[in-house]
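> Take this structure, written in structure tokens, and hold onto it; I'll ask about it next.
The values are calculated or read from the model by the stated rules, or taken from the named source; none is laboratory data. Computed from a predicted model, the values in this text were never measured in an experiment. FYI the Cβ positions are ideal-geometry reconstructions off the backbone, even for glycines, and counts take in every protein chain you see. Please note that ligands, DNA and RNA were not included when accessible areas were found on the heavy atoms of the full protein model with its side chains. Shrake-Rupley method; radii C 1.70, N 1.55, O 1.52, S 1.80 Å.
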Amino acid sequence: FPKLETEEKDEDTIYFSLIGRPNVGKSSLVNAILNEDRVIVSDVEGTTRDAIDTFIRKDEQDYVIIDTAGIRKRGKVYESTEKYSVLRAMRAIERSDVVLVVLDADTGIREQDKTIAGYAHDAGRAIVIVVNKWDTVKSSETAMKEFELKIREQFQFLDYAPIVFLSAKTKKRLQRLIPIVKLVSESHSKRVATNVLNDIMMDAIAMNPTPTVKGKRLKLLYTTQVGVKPPTFVIFVNDPEIVTF
């Protein structure tokens, strides 16, 4: 079988991985997206041992889906094969443009979900929060809003990430996923003109003037974008020592 990860990444292809606790339905979701049983699915935790790459083309856009093994708590990683699986999952995050953080609607949000999401956030990847198994709960607009509020409360560091509720089993709302993956990928590689950035900065200073530290006022001189994936900005100031977090 061809090993896609040994090949050079195609800049026009969007690479996205699925991460989450064991048994949240990552492999089922991959199969649902592909509309075929490509990945082994089982109720037994830890069925997926390796990161698996699958090529797909939708609406004239190429994607590579990277399915990963479930990431357990550090204390629960027993076997050497499982340690390898976790390392491979972490490597899959590094290789991705977009990371889908998969939650289980049935079991709700766990502390480990936040830890796993943190890996993708710290790696600077574009993120989509996917609530799978939505068919197993009383699905209504009210229930969805309540669950979304819980996510926003528990994942405050991911306030930029869109949330998709779906069911890999019934394929309900599945059609919303790929367009959102494409949207966040485009946002992740977006460039903003320097004049626009500086206008935004001046407006921000007008609304919230910079502080004075030890008698010296912080001056923000100008800002420019220096990178994408994630969009990265540098602000030039009169004295970096008086810039607080």
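> Relative to the Cα centre, what is the charge dipole magnitude of segment 172-237, using +1 at the beta carbon of each Lys and Arg, -1 at the beta carbon of each Asp and Glu, and rounding to the nearest 20 debye?
Result for segment 172-237 is approximately 320 debye, rounded to the nearest 20.
> To continue, here is another question. At a temperature of 25 °C and a viscosity of 0.890 mPa s, determine how fast segment 77-214 diffuses translationally according to Stokes-Einstein, using the Kirkwood radius over alpha-carbon pairs as Rh; express D in µm²/s, rounded to the nearest whole number.
Rounded to a whole number, D works out at 140 µm²/s.
> Counting Lys and Arg as +1 and Asp and Glu as -1, what is the net charge of the other residues whose Cβ lies under 12 Å from the Cβ of Thr170?
+4
> At 1.4 Å probe size, what's the solvent-accessible area of Met202? Round to the nearest 10 Å².
90 Å²
> Divide, for segment 159-216, the radius of gyration over alpha carbons by 2.2 N^0.38 Å, where N is the residue count.
Taking the Cα Rg and dividing by 2.2 N^0.38 Å, one obtains 1.93.
> Of Glu60, Glu146, which has the most accessible area with a 1.4 Å probe, and how do the rest follow in descending order?
Solvent-accessible surface, decreasing: Glu60, Glu146.
> What are the extents of the Cα atoms of segment 177-245 along their three principal axes, listed from largest to smallest and rounded to whole Å?
The Cα atoms of segment 177-245 stretch 52, 21, 19 Å along their principal axes.
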